[in-house]
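Data first, discussion second: the structure below is written as structure tokens.
The values are calculated or read from the model by the stated rules, or taken from the named source; none is laboratory data. What you see is a predicted model, and the numbers here were worked out from it, not measured in a lab. Quick reminder, even Gly has a Cβ in these numbers, built from the backbone with ideal geometry, and neighbours come from all protein chains shown. Just the protein is used for accessible areas: all its heavy atoms, side chains included, with ligands, DNA and RNA removed. Shrake-Rupley method; radii C 1.70, N 1.55, O 1.52, S 1.80 Å.
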Amino acid sequence: AQTLPGLVPHLPAISDEILDAIGPSEQQTIYIGRGTKTQLHYDSRENFLCVLSGGSKNFTLYDPLTSAALLYIDANQYGNTSPIEDGDYSMAKYALPVKVQIHTGDCMYLPIYWFHSVEAATWDSRSISVNWWRRADPTKKDIVGRLLCGQTHRQASAKC
């Protein structure tokens with residue numbers, strides 16, 4: 001908001017109580033694009049996002065348990081992305097996505113480690129959205145991170 005003060009009147013009035021319940025503030029990011037689509041990936045921070053203008057955004061979401069079992073192979077090789085878009089990972093056909101469309105004025109909470117891809121719904125108008133990145137609770141981050149590695153919460157922490 002300090003960088004683009006003209007945008008402030010268009011930001012939704014999200015209460016600090018809602019954002020603080022998700023986690024401590026880290027930063028805000030503004031996305032401006034036309035007909036863009038992201039690769040299937042997860043974020044290592046909690047995310048609260050709103051579409052400010054330009055129609056809608058389509059999300060394809062996978063919960064962390066499904067992701068760990070069916071979409072994800074090796075963090076050392078793929079980082080926070082899934083190899084399924086390469087077409088060579090056969091387990092992905094068993095994953096059942098949740099499809100969500102949010103429109104101008106809508107907001108959505110996207111929890112840490114949920115695999116997702118995002119597509120601006122139209123090529124004929126520019127879409128503008130804002131993300132409020134929040135720091136995840138360390139215990140939640142550790143437990144869900146271990147699930148992505150195929151470990152239980154009782155096992156010692158390890159890199160995957």
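General remarks:
- For region 95-106, residues that are surrounded by 12 or more Cβ atoms within 10 Å (Cβ to Cβ) and at pLDDT 90 or above total 5.
- Considered as a group, the residues in region 124-146 that are open to solvent by 20 Å² or more (accessible area, probe 1.4 Å) and in a strand (DSSP E or B) include one that is nearest to ALA69 (Cα to Cα), and that residue is TRP132.
- Some residue of region 85-94 being surrounded by 15 or more Cβ atoms within 10 Å (Cβ to Cβ), out of contact with any Cys (no Cβ under 6 Å at 6 or more places or on another chain) and either modelled with pLDDT under 70 or on the phi > 0 side of the Ramachandran plot (or both): yes
- Close contacts from region 6-24, counting a first residue that is surrounded by 11 or more Cβ atoms within 10 Å (Cβ to Cβ) and a second that is at pLDDT 70 or above and in a loop (DSSP other than H, G, I, E, B), with Cβ to Cβ under 8 Å and a gap of 6+ residues or different chains, come to PRO12/GLY105; GLY23/ARG45; GLY23/ARG135; GLY23/ALA136; GLY23/ASP137; PRO24/ARG135.
- Candidate set: region 97-119, residues that are among the aliphatic types (A, V, I, L, M) and touching a Ser or Thr at 6+ places or on another chain (Cβ under 7 Å); chosen: the one nearest to ILE18 (Cα to Cα): ILE112
- Residues of region 37-65 that are open to solvent by less than 70 Å² (accessible area, probe 1.4 Å), assigned to a loop (DSSP other than H, G, I, E, B), in contact (Cβ under 8 Å) with a residue 60 or more places away in the chain and not aromatic (Phe, Trp, Tyr): THR38, LEU40, ASP43, SER44, ARG45, GLY54, GLY55.
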